[in-house]
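Beneath this line is the structure, given in structure tokens, with notes to follow.
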Amino acid sequence: MSDLSVAAAQRCVIEAMKKLGTESVPLQQALGRVLAADVIANRDQPPYDVSAMDGFALRSADVAYASAVLEIIGDIKAGDMPSKTVQAGQCARIMTGAPVPQGADAVIRVEDTEAVGDTQVRINVAVKPRNDIRDQGESMRDGAVILSAGTEITPGAVGLLAMVKAACVEVWRLPRVAILSTGDELEGLDEPFDANKIPDANSYALMAQVQALGIQPVLLGIARDEPQHLREMLQRGLQFDVLLVSGGTSVGVHDYVRPTLEALGVQMKFWRVSMKPGNPMAFGVAPLTWVFGLPGNPVSSMVCFEEFVVPALRTITGHTRIYRRTVTARLAHAVKHRAGRSEFVRVTLRAEGNEYVASSTGAQGSGILLSMAVGEGLLVVPAESRGLAAGEQVTVQLLDGTAYQDESGGEC
Ligand code: AMP
Ligand code: MG
């Protein structure tokens, strides 16, 4: 099997994915999930024309050109149902959100008025019809689709769902994800320190990557490079919807992961991708489980997660936007590259004027996890590139943790 391009491997993975059915979750737990059904408004909001200000509801014809003194006929609070009609020369004191009374066709805010004794008010400005009135149904119309199936539930969507009293919402189910590390050399987080061993970083880096997508994975631990033990551990992993195995997918004599998966009925779709880091990347499907054989090197494992597991998990969970957002950046320095494989260079990003400037995080070895710890993005060097020059415009895939910046923006 020849090495697949990253794009072809991504297509292969995504074609194999499907959503896992729906479930109803309480609104309190709905953030980040994807709606499985349209949400329909069950009322007009506001239910009638209401005031947008604390002020006075009046007849605009009374104050169309000049200031006027009007008689105050009552007080209307939000939630009141006004009974009196505002006649010529009259007004009603009104609070934000309160219904506009019969007869009135505009509201003037209290700051533009002046009390005249206890029962009258002087309006100091001319007022146009509909001034400071929120129209019935301007936020939502009874029967209209306010959020369509496939929408990711943001904090704003949670607010809208509460407006239609959706105490529970129908969303796409999350997959159950298992993570397994492999290797005799690995030392678990809870095992005694042994300077000759390699600490198991992948279980936890992958755990965090899965968590960042809103899914709580199960860590299966470390499988030894011994066929029977590995088989048992992989069998446990195949009870889950998604199994992420790291290490042991290459061609070393102790790399038993692929043959063992195949012996357990996993149909391998590919096991090499033309990329750096991350070449020995395998993907297969079992009757119940999608299996990702990620490279053992910690950076490779994380980069392969970004390129293949992120779009896969986003597809399963019902998202339509499945890829990381990319930005265009100016390259601060040259990047060497030999044509052949796509490369993912870990970079930091700095805003300069109205553009981003990308700089390498430093040494790019596939075991140097610091590059993923401080990297803000993956600079994509196309397979056919013969190197990038300083100042070139490049594409950077943003990593988690890039949603914030040092300074407040927008000149507000
Ligand atoms: P492998 O693909 O199993 O040959 O592993 C490639 C390299 O990644 C080796 O140097 C391993 O020690 C290292 N490695 C494999 N699994 C892990 C892990 N869970 N955490 C940290 N390093 C790992
Ligand atoms: Mg190994």
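The values are calculated or read from the model by the stated rules, or taken from the named source; none is laboratory data. As the structure is a prediction and not an experimental result, all values here were calculated from the model. For neighbour counting, all protein chains shown are included, and Cβ atoms are generated from backbone atoms with ideal geometry for every residue, glycine included. The protein model used for the area step is the full one, side chains on, heavy atoms only, and it has no ligands, DNA or RNA in it. Shrake-Rupley method; radii C 1.70, N 1.55, O 1.52, S 1.80 Å.
Observations on the structure shown:
- Given (1) without any contact (Cβ under 8 Å) to a residue 60 or more places away in the chain; (2) not in a loop (DSSP other than H, G, I, E, B), number of the condition residue 118 does not satisfy: (2)
- Test: residue 197 is touching a residue at least 40 places away in the same chain (Cβ under 8 Å) and charged (D, E, K, R): no
- Taking residues in region 242-255 that are open to solvent by less than 10 Å² (accessible area, probe 1.4 Å), and partners anywhere that are near ligand 2 (Cβ under 7 Å from one of its atoms) and assigned to a strand (DSSP E or B), the pairs with Cβ atoms closer than 6 Å and at least 6 places apart or on different chains are 247/182.
- Considering region 40-71, and only residues there that are among the β-branched types (Val, Ile, Thr) and buried (at least 20 other Cβ atoms within 10 Å of the Cβ), the residue that is nearest to residue 143 (Cα to Cα) turns out to be 50.
- When residue 162 is tested against (1) more than 16 Å from ligand 2 (Cβ to nearest atom); (2) in contact with a strand residue (DSSP E or B) (Cβ under 6 Å, 6 or more places away or on another chain), only condition (2) is not met.
- Long-range neighbours under 7 Å by Cβ, at least six apart or interchain, first residue without any contact (Cβ under 8 Å) to a residue 24 or more places away in the chain and in the same structural domain as residue 215 (by TED's automatic domain parsing) within region 176-192, second more than 12 Å from ligand 2 (Cβ to nearest atom) and in a strand (DSSP E or B): 187/199
- Qualifying residues in region 336-371 (those that are β-branched (Val, Ile, Thr) and in contact (Cβ under 8 Å) with a residue 24 or more places away in the chain) - the one most open to solvent (accessible area, probe 1.4 Å): 368
- Taking the listed residues 275, 302, the one that is more than 13 Å from ligand 1 (Cβ to nearest atom), among the hydrophobic types (A, V, I, L, M, F, W, C) and at pLDDT 95 or above is 275, with no other qualifying.
- Restricting region 384-412 to residues that are within 16 Å of residue 304 (Cα to Cα) and in contact with a strand residue (DSSP E or B) (Cβ under 6 Å, 6 or more places away or on another chain), the residue that is surrounded by the most Cβ atoms within 10 Å (Cβ to Cβ) is 396.
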